[in-house]
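The values are calculated or read from the model by the stated rules, or taken from the named source; none is laboratory data. These figures come from a predicted structure and were not determined experimentally. Cβ placement follows ideal geometry from the backbone for every residue including glycine, while neighbour counts extend to all protein chains displayed.
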Amino acid sequence: MFKGIFSGTQRSPLIEAAFDDISDMLRQSAHMLDLALEALLDNAPLQADLDELDDPVDEAERMVRRSVLEHLSFNPQQDLVASLVLVSMVQDAERIGDFARGIGELVPLAKSPRSGPFNEGLRTAARDLRPLFEVTERAFRKDDPEEARRVMSRCSGLKEELQELTRKVADSDLTADMAVVYANAARILRRIGSHLSNIASSVAQPYDRIRHGDEDV
Amino acid sequence: MLLLFTLLFAFFVGLDMMGLSFKLFGKGFAQAMIARTANPFVGLLVGILATSLVQSSSTTTSMTVGLVAAGALTIDGAIPIIMGANIGTSVTNTLVSLGHVTRREEFRRAFAGATVHDFFNLMTVAILFPLELGFHVLRNSAELLEHVLEGSGGIKLFDPLKAVVRPTAEWLSGQLGSSGALTLVGGILLLFLALKFLVDLLKELVSSRAERILDRTLFRSAIAAIGAGMLITAMVQSSSITTSVMVPLVGAGVVTLEQLFPFTIGANLGTTMTALLAALATGSPAAVSVALSHLLFNAMGALIIYPLPPIRAVPLGLARGLGKLGARNRPAAIAYIVLVFFGLPILLLFLSGGF
């Protein structure tokens, strides 16, 4: 979609900087998710304060909003659609940071170490989800709709797998604490996938169909 | 670039045609003009009204400089017009702030952001206008500065340009039948259009750089904000544009009134470049003095009002109060604009016997 927007023109430096900020937000969120998953699935101590790590993500969101407004105040004709898309993307990128932090918040709820089929199911989902951060970033940096569609398709598949895992948790005889932890972890991973899919949809879809197919959980 | 130079050339030709027209009218007409603007209140109000109507102080100040160069206006007659132009130019961003009227909180901030410019300019006039009437503070300082500039050869910088501008202006005047009235109207029209297209073109050319400067400097310090306001305004040759682009940012709460204020002062300083350029192009020492008085007026205003927090708090407080009033009672916001920029000048014109 961006190719159509930017063809024959030079992108505004502020809009360019806003795209850099979203890349940084995704990288920081991916790092937070790695640490949180390590603590949850491998029973390792949490290596950092996730709240602190989330601060730059929140700050970057403010920067992007400000940059977009500054740009539109000066030059509303140039990069108009890209500016609106950025405001939508930054919202998804910020939520991913919050959800990564949410995984970390589940760790103290578990009264026993995490192991067994549900833990493995989550590990497999996380292994599939994790590379999608880089693919999503590449998709919007290179304005590549094919890569973007790949992210959307994979996130859709992951959503079904994680919904199935949640159903199995509900039918299991897990203790309440472990059921809460696994069900919520599955939900959070599903939401992270949905937000990555939303970002990818801004590359692959027309403006009015961005976030199309996303569902609120 | 070619278009840029063509528009600049057209601007200078328009200015020169104004000068030519007064030669064609004869000495009597120029003397009548001088007599008409001898009342400084009239000059002030003409400056406010003319700038409010054309929404460009650069047009008013350039024309004023042109009239001084042509001998149709004295320095004493021109300075109040320049002061009035400063007040009149702040109507544009106040009108822009009305675009936020449907969202109460946003409008409160936007209207306060727009009117802080009004209050700064009104305060500067309230302080410097009586000082100018009593002691000619601006005229004396400007003439002193002009002598320094003349001594350093600065005024002769544009002499080669005049060799090209004058024959073009004379040719155009000839095409208009060498009529004083037609040459004057043609000159004003050419100056107005050239300046309008010049500002549009410059905005397009520099907007990417300007938004970057704004982003990097506005939130650092007051000095940086003054510098940014000055630089961006000098780049686009219009303080109306630079102060207007800030209105949505203030309305959205991204820029505070305190951050905006020094930027506005910078914009006031930056906009003086157009008249200075016009004055240098005329090569007239009196015109250069008037353009310098415009610069000094804004610089003195900034030095009197900004450095001391209690004085600085006055325009900020008034703008904040008016923002609240406008958000609570929106017709009051409209009434303020009509009253300050149109009603008050007309009323004072009557009272001063200008009609």
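One residue is enough: does the stretch B:146-161 have a residue meeting the conditions surrounded by 13 or more Cβ atoms within 10 Å (Cβ to Cβ) and acidic (Asp, Glu)? Scanning the stretch B:146-161, I find at least one residue that is surrounded by 13 or more Cβ atoms within 10 Å (Cβ to Cβ) and acidic (Asp, Glu), so the answer is yes. Restricting the first member to the stretch B:8-37 and to residues that are of a type in the set (Gly, Ala, Ser), and the second to residues that are outside any helix (DSSP H, G or I), the beta-carbon pairs closer than 6 Å and six or more apart or on different chains are B:19/B:70; B:30/B:71; B:30/B:72.
Consider the stretch A:41-52. How many of its residues are among the aliphatic types (A, V, I, L, M) and free of Cβ contacts under 8 Å to residues at least 40 places away in the same chain?
The initial filter retains those residues of the stretch A:41-52 that are among the aliphatic types (A, V, I, L, M), namely A:41, A:44, A:46, A:48, A:50.
Now restrict to residues that are free of Cβ contacts under 8 Å to residues at least 40 places away in the same chain: A:44, A:48.
Going through the stretch A:41-52 one residue at a time, the tally reaches 2.
Does residue A:40 meet the test of being surrounded by 15 or more Cβ atoms within 10 Å (Cβ to Cβ) and not small (Gly, Ala, Ser)? For residue A:40, the condition - surrounded by 15 or more Cβ atoms within 10 Å (Cβ to Cβ) and not small (Gly, Ala, Ser) - is met.
Quick check on this structure: which one of B:170, B:258 is touching a residue at least 12 places away in the same chain (Cβ under 8 Å), among the charged types (D, E, K, R) and closer than 29 Å to residue B:104 by Cβ? Give the steps one after another, and end with the answer.
Numbers: B:170 fails: closer than 29 Å to residue B:104 by Cβ.
Selected residue: B:258, the only one of B:170, B:258 that is touching a residue at least 12 places away in the same chain (Cβ under 8 Å), among the charged types (D, E, K, R) and closer than 29 Å to residue B:104 by Cβ.
Going by the structure shown, is residue B:145 in contact (Cβ under 8 Å) with a residue 12 or more places away in the chain, assigned to a helix (DSSP H, G or I) and away from every other protein chain (no Cβ under 14 Å)? Answer is yes for this residue. In this structure, residue A:61 does satisfy being surrounded by fewer than 23 Cβ atoms within 10 Å (Cβ to Cβ) and either in contact (Cβ under 8 Å) with a residue 60 or more places away in the chain or within 14 Å of chain B (Cβ to nearest Cβ) (or both). Taking residues in the stretch B:330-351 that are at pLDDT below 95, and partners anywhere that are acidic (Asp, Glu) and in a helix (DSSP H, G or I), the pairs with Cβ atoms closer than 8 Å and at least 6 places apart or on different chains are B:340/B:118. Selection of the stretch B:242-272 for residues being within 14 Å of chain A (Cβ to nearest Cβ), in a helix (DSSP H, G or I) and among the β-branched types (Val, Ile, Thr) yields B:242, B:243, B:245, B:247, B:250. On the given criteria, is residue B:302 within 14 Å of chain A (Cβ to nearest Cβ) and at pLDDT 90 or above? So residue B:302 fails the test. Taken over the stretch B:200-229, the criterion of being among the aliphatic types (A, V, I, L, M), within 14 Å of chain A (Cβ to nearest Cβ), outside any loop (DSSP other than H, G, I, E, B) and under 13 Å from residue B:242 (Cα atoms) is satisfied by B:202, B:206, B:210, B:213, B:214, B:225, B:228. Does the stretch B:214-234 include one or more residues that are without any contact (Cβ under 8 Å) to a residue 12 or more places away in the chain, of a type outside the set (A, V, I, L, M), surrounded by fewer than 23 Cβ atoms within 10 Å (Cβ to Cβ) and touching a Ser or Thr at 6+ places or on another chain (Cβ under 9 Å)? Yes - at least one qualifying residue is present in the stretch B:214-234.
The condition of being away from chain B (no Cβ under 14 Å), farther than 30 Å from residue B:99 by Cβ and modelled with pLDDT under 95 holds for only one of A:45, A:56, that being A:45.
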